[in-house]
Amino acid sequence: MDISVKNDTAPPTSLPDRAERGSSARGATRPGDRIFLALSRGSGIFLLVLMAAIAVFLSLRAASAIGKDEANFFTTFEWNPTGDPPVFGIAVLAFGTVVSSVIALAIAVPVSVGIALFLTHYAPRRLGGPIAYVIDLLAAVPSIVYGLWGALVLVPHLGGLYAWLDEYLGWTGVLEWNGGAPRSLFTVGILLAIMILPIITNVSREIFRQVPRAHEEAALALGATRWEVVRMAVLPYGRSGVISASMLGLGRALGETMAVAMVLSPTFDIEASLLDPGGGTFAQNIASKFNEATTDGRDALIASGLVLFVITLLVNGTARLIIERRKEFSGANA
């Protein structure tokens, strides 16, 4: 015989739940919490308004310039806003900006991750401290100093590297060198890699330091070597952080101005080889032509700035999507 009694009443709320809700209710009415909430919300709204204002300003000035350009703004290989008719195209600038930034990331990311791993898991404290201090100092060096060093030291000493690349990889056509001055997109990429290396290294180092000690000890208990611990526990945990650090470095590389202007020999031609002098970037073109530009010329430069603005937003948005999709596999929530 079934003697069970059906209870339709909900179970009483536990004391910890009541206490938590009561604490939240009291906290929501505190003046300090209300002020902090208002300031935080206002800061977020202000940021959105500021980004929208920048986008509107760039769009209005860009529309004025593009409406006067009889050629295709995105595919033209010429920049002459004062001509009759005015012509200004961003094909060369977009190519140079993206290629030099990709070269910088390809060089800087592996080196930065290696330095961060060395400082957090291999170097003794007496050695790691000074190295970290020097890297912090590199992040504080102004762009103009990097540009001077690149023009006076880096460029004159790249002939040997260019000759070596031409000898062994010149058959690809991409790394063929015809003996010109090494003021090319490849040189710009090397200089940008040096400039963004401290940013990626510092962020990656802090991420690797946050790896749970239990993860590493568990791997060691299973007999893993130090490299296997790094590969199985440290790198999966810090993958999202490394991607974020790379995007921060890419943001600086995309918008770098003075250092690029002092190293690159700007032309409005896309060379088949990355070692041939020539090319251009958005920031370098704006910096070199803005002072002497007419009203139409400045609108054209602002139009190119709008394209750089959109590229930066797309890159950061893509990075956010990658981080969100791979977060569950990073081991951070384990």
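The values are calculated or read from the model by the stated rules, or taken from the named source; none is laboratory data. Note that the coordinates shown come from a computational prediction; the quantities given were computed from them, not determined experimentally. Here Cβ is always computed from backbone atoms with ideal geometry, including for glycine, and neighbour counts include all displayed protein chains.
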On the given criteria, is residue 114 farther than 21 Å from residue 246 by Cβ and assigned by TED's automatic domain parsing to the domain that holds residue 202?
-> no
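Report whether or not residue 103 is in the same structural domain as residue 265 (by TED's automatic domain parsing), within 30 Å of residue 303 (Cα to Cα) and under 18 Å from the mean Cα position of the chain (by Cα). Write out each step before concluding.
On the way: in the same structural domain as residue 265 (by TED's automatic domain parsing): yes; within 30 Å of residue 303 (Cα to Cα): yes; under 18 Å from the mean Cα position of the chain (by Cα): yes.
So residue 103 fits the description; yes.
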All-but-one check, residue 246 against (1) crowded, with 21+ Cβ neighbours inside 10 Å; (2) in contact with a Gly (Cβ under 8 Å, 6 or more places away or on another chain); (3) assigned to a helix (DSSP H, G or I), failing number (2)
Applying the selection to the range 107-119, what residues are free of Cβ contacts under 8 Å to residues at least 40 places away in the same chain and either within 22 Å of residue 314 (Cβ to Cβ) or over 21 Å from the mean Cα position of the chain (by Cα) (or both)?
-> 118
Only one residue in 174, 211 is crowded, with 20+ Cβ neighbours inside 10 Å, over 18 Å from residue 252 (Cα atoms) and either at pLDDT 90 or above or not aromatic (Phe, Trp, Tyr) (or both). Which one?
-> 211
Residue list for the range 282-314, filter: in a helix (DSSP H, G or I) and either among the aromatic types (Phe, Trp, Tyr) or modelled with pLDDT under 85 (or both) | 282, 295, 296, 297, 309
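Being surrounded by fewer than 21 Cβ atoms within 10 Å (Cβ to Cβ) and part of a helix (DSSP H, G or I) is the requirement here; does residue 259 meet it?
no
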Matching residues, the range 66-96, being touching a residue at least 40 places away in the same chain (Cβ under 8 Å), in contact with a Pro (Cβ under 9 Å, 6 or more places away or on another chain) and more than 17 Å from residue 310 (Cα to Cα) | 68, 69, 88
Residue tally, condition farther than 13 Å from residue 300 by Cβ, under 24 Å from the mean Cα position of the chain (by Cα) and assigned by TED's automatic domain parsing to the domain that holds residue 293, over the range 46-95 = 4
Is it the case that the range 212-227 has a residue that's in contact (Cβ under 8 Å) with a residue 12 or more places away in the chain, farther than 18 Å from residue 119 by Cα and of a type outside the set (A, V, I, L, M, F, W, C)?
-> yes
Qualifying residues in the range 262-288 (those that are in contact with a Leu (Cβ under 7 Å, 6 or more places away or on another chain) and within 14 Å of residue 78 (Cα to Cα)) - the one surrounded by the fewest Cβ atoms within 10 Å (Cβ to Cβ) = 282
